[in-house]
Amino acid sequence: MRTLIIIATLLFCVSVAFSVSAAESALPKSAPPVRILMQWVPQSQFAGYIMAVEKKLFAKHGVENVQIEFSRVADVPMTKLTNGDCEYATGWLATAIQRRAEGLPIINVAQFHRRSAAMIVAHKSHGIEKPADLSGKVILSWGGDFDVEMTLFFRKYQITPKAVLPFLSSLAPFLKGVVDAVQVVEYNEYCRLIELGMEEQDMAVFHFEEHGIGAVGDGLYATEERSREHPDQVRAIRLAVTEGWEYAFRNQQETVDTVMKYSAKHGERTNPFHQQQMLDTIKKLMEFDSNQDYHQFGVLRYQDFAHAKLLLQRSGYNVDSITYENFYIP
Amino acid sequence: MTPSLINEQQLRELRLKALIIVGLPLGIAASLFCYWTYTILGTQALNELTAVLTARTIGQASDLNTHCTRATSELAATATFTAITASDDLELYRKLVRRTLSNLKLSNATFIGFAETERDADGQQRPLLYAVRKNGEITLRDVDEIRYLFQDWFLLPRLLNKTAWTDPYYSELSGEMRVACGVPLFIGDRFIGVAGNAISIEQVAKIVEQINIQGSHLILISDSGTVIVHPDQENILRHTLVSLANKANSRELLELARRLKKNRTAGIVRLEKGILGEPREYVAYAPIANNNWTLLSVIPEEAVLAPLKARLLLWIIYGCVVGILLYVILYYLVTAALRKNLSNEAMAARASLFAEASVHSQTEFLRDVSHDLRTPLNAIVGFANIARFCDVTPDVRKLLDGIGHAANKLTRLIDAMVVFADQSESQLFTSSLSSTPFPAAEESMVKESAARELEKSP
């Protein structure tokens, strides 16, 4: 009897093992991940991507296993893109043209921002009303990629600041009046200034865009190789993100709540008010209009490319070899 | 026991009358009292309460200010001593920094950084000296990253030339949220560095917890408006006063945030939509002088109004007691007065009846007497007349005539008395009914008639 039980048990175990291995072999092989790296931490700046993932819009357009990742301060998305650490990365147009000129094989696959978000904000109480008033003043600046527009702005108005100090994300020196002005992006620090109780009438605001030296902001980039080998995937990603943005602007409360969840998961300390303000500003920067031609959304306009290239050339960058045709895949 | 002069009906009417006389003015007085209590006294009491809440918050802010001042002044004193003593000897400086950190009584500090620049005679910038105290152990290290010079704890005191506090920030070094104060160090006029002292938000929250008073919730806001301490930990560093106002959809809080940005004062504001989720809240606020932070004390309106309601209730109870006592006394007095009045009237009526009855008895007596006198008198007159016709002597006849005359006179006199008695009764009766005086002419006529008859009698 005991022998019979042992044999039956063994037979059962063998059959279970067979059935499990059979089921595994029957499953389709999971698609390799498609990683899209955002150039900063989770926030409404990337709401279109977040909502495209949440609403399974990538899958709808036939791209499986899309993962969005967020950068830390030290990350350089374009380098990670060319190193193969991600398949797509977001970035500013002027930065991307520079990197391309430096030899990184990157290509623009979608351009969502149509205006520059960069600006200088100054205390009116410090006697600053017009750009020339910034001469002799202390200014906080992010530096790096932000330098192109600011340098041209200083040159245009012959501004010689007393000092340009590095901006390490704290707005306290500006709020305390220790510095006279700060270089910010409209959708983040400017919104933050409002959130910290500054009133618009107390600030002198210089949008680089309004002074003819703004380069459009966020776009989506891939390597040339990927755009060549997976043109359908590139188009599908662009469509999915476009729909993601459309969904985000049409369902703002849900979008802000979702961004807050991503933010919390990433350990960021932000609040819904800030994210809502950011979403509103991004909508403005993208010139999003629900009545516009759907296929025009996400297209890099020739004039935006040419303007950004011109600004870089004026700043002394050698970007002559970069053309619209070899930089952008329609 | 004397029989009551007032019957039940009269008594009921009397009580009703007293009730109206006393109750009506007292009711009006009670209404006025209630109005006064709720409007004037209520407003006054609410003002007092809110003033107390504001004063309490100012006191708490002052306590917190003491902590902050202690932290900065102790740091300034010890750091300056260290810097001056070893200004030219980096090794000695290191030793002194270590000793200073060991002896420093800043129990709340988890980290203290010293940094110095421009100390070399040749103008070369030396590396920053960064001291870290973690778990009681102090480590010193040279930092060559220029970015440390632009962190708030260094940059703010450097540019302001005075002690300055940073906004709260997340420290990757310790993995916690912190605020730091920095003290600029000088030798003479020469700036040599900044001594920084970082305190974890958790420790600030503990200090705030110590000064809290039951019933209120404290929120600490940095001078830029960022939330440092909040009953809900999730809000710390996430929210600002403006975003809290937006979250609560509170216009009053938004105005307060903007007002505080321009002018840091103490006061109190009532929110229709509260920060802590209560329908209505009071927010008392007071500045902390040392670092321009603001302490907010949030109290749900219910909690504010509870003592006020208790106070008003007490006033109303006092009012009721006084009112009832007043009512009882006045009711008693008015009832007594009314009863006395009514008794007097009843007594007067009874006296009148008695007088009437008395007169009537006299008349009856006179009538009876007259009747009783007349009957024998008739006999006397009759027998005297009969006797005259009898065979009597002239002398006797004369005597009989005399008897007859006298008897007739007496009869007339008695008749006059009867008439007088009748008229007197009639007069009394009439006066008691209509109070019309007896006609003087008739009275005198009767009196004269009676007098005449009496005079005629022998």
**OP:** For chain A, with a Gaussian network of springs between Cα atoms less than 10 Å apart, report the residue from A:P166, A:P32, A:P42 with the top mean-square fluctuation.
**Re:** A:P32
Original post:
For B:Y318 and B:V52, what is the calculated FRET efficiency with R₀ set at 30 Å and r taken between the beta-carbons, to the nearest 0.05?
Top reply: 0.85
**OP:** Provide the net charge surrounding B:W315, with neighbours chosen by a C-beta distance below 14 Å and charges set as Lys +1, Arg +1, Asp -1, Glu -1.
**Re:** +1
Subject >> Other-chain or far-sequence residues with amide H under 5 Å of A:E69's (modelled H) >> reply: A:I36, A:L37, A:M38
Original post:
Can you pick out the pairs among A:K55/A:K284; A:K56/B:K247; A:K162/B:K95; A:K124/A:K156; A:K124/B:K162; A:K176/A:K265 whose Cα atoms lie more than 28 Å from each other?
Top reply: A:K56/B:K247; A:K162/B:K95; A:K176/A:K265
Original post:
Rounded if a/c is under 1.5, else prolate if a/b is larger than b/c, else oblate: which is the range A:275-330, with a ≥ b ≥ c the root eigenvalues of its Cα gyration tensor?
Top reply: oblate
Subject >> Amide H partners (placed H, <5 Å) of A:S135, local residues excluded >> reply: A:T160
Original post:
Once a ≥ b ≥ c are taken as the square roots of the eigenvalues of the Cα gyration tensor of the range A:155-218, is the result rounded (a/c under 1.5), prolate (a/b larger than b/c) or oblate (a/b not larger than b/c)?
Top reply: oblate
Original post:
How much length is gained if the chain between B:I40 and B:D189 is pulled fully straight, taking 0.36 nm per residue apart and subtracting their Cα-Cα distance, in nm to one decimal?
Top reply: 47.6 nm
**OP:** Classify the range A:180-276 as rounded, prolate or oblate from the Cα gyration tensor: take a ≥ b ≥ c as the square roots of its eigenvalues, call it rounded if a/c is under 1.5, otherwise prolate when a/b beats b/c and oblate if not.
**Re:** oblate
Subject >> Amide H partners (placed H, <5 Å) of B:L185, local residues excluded >> reply: B:I192, B:G193, B:V194, B:A195
**OP:** With r as the distance between the Cβ atoms of B:H405 and B:E356 and R0 = 41 Å, compute the FRET efficiency 1/(1 + (r/R0)^6) and round to 0.05.
**Re:** 0.60
Original post:
If each residue's Cβ is checked for other Cβ atoms within 10 Å, how do A:H211, B:H371 rank with the fewest at the top?
Top reply: B:H371, A:H211
**OP:** Round to the nearest 10 and give me the degree value, 0 to 90, for the angle of helix A:272-285's Cα axis relative to the longest principal axis of chain A.
**Re:** 70 degrees
**OP:** Please report the base-10 log of the normalised intensity I(q)/I(0) for the range A:63-144, using a Debye sum with one equal scatterer per alpha carbon and no solvent, at each q in 0.13 (1/Å).
**Re:** -0.62
Original post:
What does the average come to when, for each residue of peptide A:271-278, you count the partner chain Cβ atoms lying within 10 Å of its Cβ?
Top reply: 5
Subject >> Under 23 Å from B:K17, Cα to Cα: lysines that are on another chain or at least 8 residues apart >> reply: B:K340
Original post:
Other chains near A:161-167: what is the mean number of their Cβ atoms within 10 Å of each residue's Cβ?
Top reply: 2
Original post:
How crowded by other chains is B:158-167, given as the mean number of beta carbons from other chains within 10 Å of each beta carbon?
Top reply: 3
Original post:
Straight-line reach from B:K206: which lysines have Cα under 24 Å away, leaving out those fewer than 8 places along the same chain?
Top reply: B:K105, B:K134
Original post:
Using θ = phi - 60° and the Karplus form 6.51 cos²θ - 1.76 cosθ + 1.60, what ³J(HN,Hα) does each residue of the range B:251-258 get, whole Hz, x for Gly and Pro?
Top reply: 5, 5, 5, 5, 5, 4, 4, 6
Subject >> Angle in degrees between helix A:252-265 and the longest Cα principal axis of chain A, rounded to the nearest 10 >> reply: 80 degrees
**OP:** Under 15 Å from the Cβ of A:F154, count the other residues' Cβ atoms, weight Lys and Arg +1, Asp and Glu -1, and hand me the total.
**Re:** +2
Original post:
How many nm is it between the label spots at B:T265 and B:A346, if each spot is 7 Å from the Cα in line with the beta carbon?
Top reply: 7.3 nm
Subject >> Sites excluded, trypsin sites (Lys or Arg not before Pro) in DSSP loops with at most 15 other C-beta within 10 Å, longest stretch of chain A >> reply: A:163-300
Original post:
Between Rg and the Kirkwood Rh of chain A, both from Cα atoms, what is the Rg to Rh ratio?
Top reply: 1.12
**OP:** At q = 0.16, 0.17 Å⁻¹, what is the base-10 log of I(q)/I(0) for the range A:106-210 according to the Debye formula with one equal point scatterer per Cα and no solvent? Please give it to two decimals.
**Re:** -0.67, -0.75
Subject >> 0 to 90° range, to nearest 10: angle between helix A:2-26 axis and chain A longest Cα axis >> reply: 40 degrees
Original post:
Taking neighbour Cβ counts within 10 Å as the exposure measure, how do A:D147, B:D167, B:D368 sort from fewest upward?
Top reply: B:D368, A:D147, B:D167
Subject >> Environment charge of B:E278, counting only residues whose C-beta is closer than 10 Å and scoring Lys/Arg +1, Asp/Glu -1 >> reply: -1
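All of the numbers you see were taken from the coordinates with simple rules; none came from a lab. Quick caveat, the model's predicted, so the values are computed rather than measured. Cβ: placed from backbone, ideal geometry, glycine included. Neighbour counts: every protein chain shown.
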